[in-house]
Amino acid sequence: MIYQRAHQIVNDQIFLEMQGLVENSTVYVKLEGLNAAGSIKLKPAIAMIEDAERRGILTAGGHVIESTSGSLGVAIAMVCAEKGYLFTCVVDPNVSRQSLRTIRALGAHVVQVRDRDANGGYLGTRIAVIRERLGNDSTLLWLNQYANPANPNAHALGTATSILRELGHVDQVFIGAGTTGTLMGCAEHFRRFSPWTRIVAVDSVGSVTFGGAAGPRFVPGLGASRRPDIYRSGTADAEVTVPESEAVRMCRHVARTYGVLVGGSTGTVLAALAQSAEQIPPGSRVAAISPDMGDRYVDTVYDDDWVLDTFGPDPLIPYPTARDRAVQNRKVPA
Ligand SMILES: Cc1ncc(COP(=O)(O)O)c(C=O)c1O
């Protein structure tokens, strides 16, 4: 297949069937890390930039600013490089080293905040930096992924449409929540075209989006220290939060069992799925969205020393194998 522009390389049709994550059901993991720019965020990046172009607020040589945990930054940097826009990318200490270097390599200017906000996260600090810069430079355009309707629309049109097109009937779908663009856009599409699908929203413990207490988080992607404007509570059928230590344990399990290095937020989504096994009737067709792959996390999630220092030894304990579980349930002799 030949593409004219790098950002058109959106691989919305790739799913990996994972056996054994939930007994007696089939789990299809949508691998968004195979898009150009390496993540699901390519779709909102294109959508927000092209929407700004259509509305005439982004013109030749324009200057874009955005706050990001990393993946959107890589995607916007790619699109801006190709379209000739300047890009200032505001990140925090949780951004992966690989994302940071990729954003710079694509020609963007990076501003990394250091101070935590009142809720113990960094989002408030990132937004404060953007507001200050907007005050000093009226030519800057803030895409604002936390409030921009083009973000969820990209997922209604792309992500959710492709899940139903490729999988047909879907009983349950597990979706991580960062800006909640993926969640809100997919929910809108599923409610219209597949109202029987149970939508499970997933977030990290320490995020405030589902109403939980704020706390420090170390894995980029999911969670927010202030509720995103596009989030509508009550949209999903269930909201599940997962401690980051469990997400890390799941990532490492998936890498060693399925041979796929998945990103931190995928570990959170799959840990939520395993945690929800009792709510998944036998024979269900379950979709789970994997926002990116794990190569950006080899120095953190997949590094034993980082895991020990950050979470202690628990995430290093392997998951029980299918045989261990069968012994536990006395289906086979020990
Ligand atoms: C790796 C990763 N996973 C998940 C998400 C969450 O997606 P959304 O912002 O659509 O909620 C993000 C968002 O930046 C991300 O970078």
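If Tyr28 satisfies all but one of (1) within 27 Å of Ala271 (Cα to Cα); (2) free of Cβ contacts under 8 Å to residues at least 24 places away in the same chain; (3) not basic (Lys, Arg), what's the number of the condition it fails?
Here Tyr28 meets the rest and fails (2).
Here are Ala108, Ala150, Ala177, Ala160: which of them is farther than 23 Å from Gly206 by Cβ, within 15 Å of the chain's Cα centre (by Cα) and of a type in the set (A, V, I, L, M)?
Going through Ala108, Ala150, Ala177, Ala160 in turn, just one is farther than 23 Å from Gly206 by Cβ, within 15 Å of the chain's Cα centre (by Cα) and of a type in the set (A, V, I, L, M): Ala160.
For the subset of the range 220-261 comprising residues that are surrounded by 20 or more Cβ atoms within 10 Å (Cβ to Cβ) and among the basic types (Lys, Arg), which member is farthest from Glu17 (Cα to Cα)?
Across the range 220-261, the extreme among qualifying residues is Arg249.
Rundown of residues vs (1) outside any helix (DSSP H, G or I); (2) at positive phi; (3) open to solvent by less than 10 Å² (accessible area, probe 1.4 Å); (4) at pLDDT 95 or above, yes/no style:
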site: Ala37; (1), (2), (3), (4): no, yes, no, yes
site: Ala47; (1), (2), (3), (4): no, no, no, yes
site: Gly56; (1), (2), (3), (4): yes, yes, no, yes
site: Gly61; (1), (2), (3), (4): yes, yes, no, yes
site: Glu66; (1), (2), (3), (4): yes, no, yes, yes
site: Ala75; (1), (2), (3), (4): no, no, yes, yes
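Which residue pairs have Cβ atoms closer than 7 Å, lie 6 or more positions apart in sequence or on different chains, and pair a first residue in the range 65-78 that is within 14 Å of Ile130 (Cα to Cα) with a second residue that is open to solvent by less than 10 Å² (accessible area, probe 1.4 Å) and within 6 Å of the ligand (Cβ to nearest atom)?
Taking only residues 6 or more apart or on different chains, the pairs are Glu66/Leu72.
With the condition being at pLDDT 95 or above and within 16 Å of the ligand (Cβ to nearest atom), I'd like the strands (runs of 3 or more DSSP E) fully within the range 90-204 carrying at least 3 qualifying residues.
Correct list: 172-176, 198-204.
Could you please find all residues in the range 268-291 being within 13 Å of Leu31 (Cα to Cα), open to solvent by less than 10 Å² (accessible area, probe 1.4 Å) and in contact with an Asp or Glu (Cβ under 8 Å, 6 or more places away or on another chain)?
The answer is Ile289, Ser290.
From the list Leu261, Leu222, exactly one residue is of a type in the set (A, V, I, L, M, F, W, C) and away from the ligand (no atom under 11 Å from the Cβ). Which is it?
Leu261
Being more than 21 Å from Gly70 (Cβ to Cβ), at pLDDT 95 or above, of a type in the set (S, T, N, Q) and open to solvent by less than 40 Å² (accessible area, probe 1.4 Å) is the requirement here; does Thr209 meet it?
Considered against the rule, which asks whether it is more than 21 Å from Gly70 (Cβ to Cβ), at pLDDT 95 or above, of a type in the set (S, T, N, Q) and open to solvent by less than 40 Å² (accessible area, probe 1.4 Å), Thr209 comes out as no.
Before we move on, is Gly73 under 16 Å from the mean Cα position of the chain (by Cα), within 12 Å of the ligand (Cβ to nearest atom) and within 20 Å of Thr139 (Cα to Cα)?
yes
The values are calculated or read from the model by the stated rules, or taken from the named source; none is laboratory data. This is a predicted model, so every value here is computed, not measured. Counting neighbours? That spans all protein chains shown, and the Cβs are built from the backbone with ideal geometry, glycine included. To get the accessible areas, we keep the full protein, side chains included, count just its heavy atoms, and leave off ligands, DNA and RNA. Shrake-Rupley method; radii C 1.70, N 1.55, O 1.52, S 1.80 Å.
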